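S.K.: Have a look at this one before I ask anything.
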């Protein structure tokens, strides 16, 4: 079976930066599992996996434009420290906030100085060329609920498979103990 839209794909991978430092990895024994064709992984990697089959191994360099995008200066801003309600704010902290349009985004504190906090809304890998070594570990048909929700489901780790937790990813899954991974 070749990888195409609507199939659940399992991959092992090692991700390195341009200086050959490992950024992330998932061994074939504990792979990343995703629903192909639903933008659940970066576009460049999803394109590279199209048509591959179980056992295929390959190296690919994904440019920033097909990964997490170019670094965007307009996503860096300064806020007064008092907007953080007395919380201890330190460089390197990450937190979730809401934009003016209602979108949830994760930002990183890049500086704290003179009563101001600099936050960066860029993804930590924005602007970076990403080097992947990938092995296709598995391919299976998606079930109807996965297709309807646009992501995979797996036994729920938060409720011990007892049900009642729903889907943390979309909040729309049934209460059978299935939850997105």
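Readers should treat all values here as calculations from the given coordinates under stated rules, not as data from a laboratory. Note that the structure is a prediction, hence the values are computed from the model and not measured. Glycine also receives a Cβ, built like all others from the backbone with ideal geometry; neighbour counts cover every protein chain displayed.
S.K.: Roughly how many nanometres apart are two label points built 7 Å out from the Cα toward the Cβ at residue 70 and residue 154?
M.R.: Result: 3.6 nm between the two label points.
S.K.: For segment 73-120, what is the convex hull (Cα atoms) projected area averaged across all directions, in square nanometres?
M.R.: Numbers: hull surface 13.6 nm².
Reported value for the Cα convex hull: 3.4 nm².
S.K.: Provide the gained length on full extension for the span residue 20 to residue 118, in nm with one decimal, where the gain is 0.36 nm per separating residue minus the Cα-Cα distance. Mind dumping the intermediate values first?
M.R.: Working: separation 98, 0.36 × 98 = 35.28 nm, distance 2.92 nm.
Between residue 20 and residue 118, full extension yields 32.4 nm more.
S.K.: Let me have the relative contact order for segment 91-152, percent, based on Cα pairs under 8 Å that are six or more residues apart. Could the numbers behind the result be given before it?
M.R.: Values: 53 pairs, mean separation 11.8, N = 62.
Reported relative contact order: 19 percent.
S.K.: Order by neighbour count: 10, 113, 25, 74, fewest other Cβ atoms within 10 Å first, most last.
M.R.: Details: 10 19, 113 10, 25 14, 74 7.
Lowest count first: 74, 113, 25, 10.
S.K.: Next question, about the same structure. Between residue 57 and residue 145, take the C-beta separation as r, use R0 = 30 Å, and let me know the FRET efficiency to the nearest 0.05.
M.R.: Working: r = 31 Å, r/R0 = 1.03.
Once rounded, the FRET efficiency stands at 0.45.
S.K.: Tell me the relative contact order for segment 24-159 as a rounded percent, counting alpha carbon contacts under 8 Å between residues six or more apart.
M.R.: Working: 181 pairs, mean separation 43.9, N = 136.
Rounded, it is 32 percent for segment 24-159.
S.K.: Summing -39500 (n - 2.57) over the DSSP H runs of n ≥ 4 in the chain and dividing by its residue number, what mean residue ellipticity at 222 nm do you reach, to the nearest 500 deg cm²/dmol? Spell out each step's value before the answer.
M.R.: Details: 2 runs with 13 residues, N = 181.
Taken over the chain, the calculation gives -1500 deg cm²/dmol.
S.K.: Evaluate the relative contact order of segment 73-120 (contact order divided by residue number), counting alpha-carbon pairs under 8 angstrom at least 6 apart; express in whole percent. Please list the in-between numbers first.
M.R.: Details: 73 pairs, mean separation 20.9, N = 48.
Worked out over segment 73-120, it gives 44 percent.
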